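What follows is a single structure, written as structure tokens, with notes after it.
The values are calculated or read from the model by the stated rules, or taken from the named source; none is laboratory data. Just so you know, these numbers come straight off a predicted model, no measurement behind them. All Cβ positions, even for glycine, are placed from backbone atoms using ideal geometry, and neighbour counts span all protein chains on display.
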Amino acid sequence: MPGLKGKLENRNALITGGSRGIGKAIARSFVEEGANVFLCARGESALNETAEELRRVGGRVSIHVADVSDRGAVARMVDQALAEFENIDILVNNAGIMLPRRFMDYTFEEFDRIMNVNFYGVLHVTRAVLPSMMERKRGKIVNMASTAGKWGSMNQSAYNTSKHAVVGLTRCLGLEMAPFHINVNAICPAGVEGDEIDSMVEHWAKELKITKEQARKNITSRSPIGRFVNPDEVAALAVYLASDESDAMTAQSLSICGGYLML
Ligand SMILES: NC(=O)c1ccc[n+]([C@@H]2O[C@H](COP(=O)([O-])OP(=O)(O)OC[C@H]3O[C@@H](n4cnc5c(N)ncnc54)[C@H](OP(=O)(O)O)[C@@H]3O)[C@@H](O)[C@H]2O)c1
């Protein structure tokens, strides 16, 4: 029930890519902590289903169909969120896509698409939300980057480039926004259970001509904790970064990866 734990009581949160996966887990945790959530994604039916589910938990939930790579659509979405909620206390830039390819196999259009969603999407939404946060001298921005934003991975050059850009933006914006009491941090997960991991496992099964089960085991066996991360574990970190408890933390990119990466 909202308000049960109440770390985000009466806060208004805009969460991009809130219909599925990690974004949905974050939305649920935020609602459980007392926040009102405004979710966006491209697919309307998943958004509707998630909103219904969260309303049953007891939250105030609004949804908006928008593609974060479309600057005009993002401006309309943020206008609607501000009209409905009056202000946005928390922005979670979570929407993202992945398309594994060898570098020479990407079409320029595919590379552009990944940059446009994963990096320019963050830029569009952040630029649209920041003026009202700066005016109020208050805000929390949580960017969903990845361990891919801190290291290199085979056949992931577009994704890793986009996530390095998100980490870079987080660092710079954290510095610029500190005088406005706006915290800007990134979460860097590795291998979170869900559709993105399923498609990566499928890619490596095909590349290495092994079964999906073997491909999955190849990846998890390299993790010190021997498993993928759960979306709820990422959501718990997002709650911390969105709450007053993290007021002294900004410009950081926190890895949640079972010890895979130590920076
Ligand atoms: N899963 C992992 O292992 C992992 C690891 C590290 C980082 N991440 C990052 O975590 C974030 C969430 O990943 P996930 O695994 O939860 O992905 P997911 O299950 O595929 O969910 C992605 C969400 O983003 C939305 N979305 C995708 N493209 C969008 C666009 N152009 N505009 C607006 N919404 C869009 C999707 O809805 P629609 O398709 O309907 O738009 C969906 O709600 C991503 O940024 C991802 O890169 C994931």
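Can you tell me which residues in the range 244-263 are away from the ligand (no atom under 12 Å from the Cβ) and buried (at least 21 other Cβ atoms within 10 Å of the Cβ)?
THR250
Quick one: count up the residues across the range 103-132 that are β-branched (Val, Ile, Thr) and exposed (fewer than 13 other Cβ atoms within 10 Å of the Cβ).
Final tally of qualifying residues: 1.
Can you list residue pairs whose Cβ atoms sit under 9 Å apart, with the first residue in the range 87-104 being touching a residue at least 60 places away in the same chain (Cβ under 8 Å) and closer than 14 Å to TYR159 by Cα and the second being part of a loop (DSSP other than H, G, I, E, B) and of a type in the set (Asp, Glu)? Count only pairs 6 or more apart in sequence or on different chains.
What qualifies is ALA95/ASP67.
Take the residues in the range 170-203 that are more than 24 Å from GLY21 (Cα to Cα), touching a helix residue (DSSP H, G or I) at 6+ places or on another chain (Cβ under 8 Å) and assigned to a helix (DSSP H, G or I); name whichever of them is farthest from the ligand (Cβ to nearest atom).
Ranking the qualifying residues of the range 170-203, first place goes to PHE180.
From (1) within 10 Å of the ligand (Cβ to nearest atom); (2) over 30 Å from PRO131 (Cβ atoms); (3) surrounded by 14 or more Cβ atoms within 10 Å (Cβ to Cβ), pick out the condition that doesn't hold for SER223.
Exception for SER223: condition (1).
Quick one: which residue in ASN94, ASN48 is under 16 Å from the mean Cα position of the chain (by Cα) and within 27 Å of ILE197 (Cβ to Cβ)?
The conditions single out ASN94.
So which strands (runs of 3 or more DSSP E) stay within the range 2-69 end to end and still have 1 or more residues that are buried (at least 24 other Cβ atoms within 10 Å of the Cβ)?
Output list reads 12-16, 36-41.
Yes/no matrix, rows are residues, columns are (1) touching a Gly at 6+ places or on another chain (Cβ under 8 Å); (2) buried (at least 21 other Cβ atoms within 10 Å of the Cβ); (3) at pLDDT 95 or above; (4) among the hydroxyl-bearing types (Ser, Thr, Tyr):
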position	(1), (2), (3), (4)
ASN155	no, no, yes, no
VAL184	yes, yes, yes, no
PRO189	no, yes, yes, no
TRP204	no, no, no, no
PHE228	yes, yes, yes, no
VAL234	no, yes, yes, no
ALA238	no, yes, yes, no
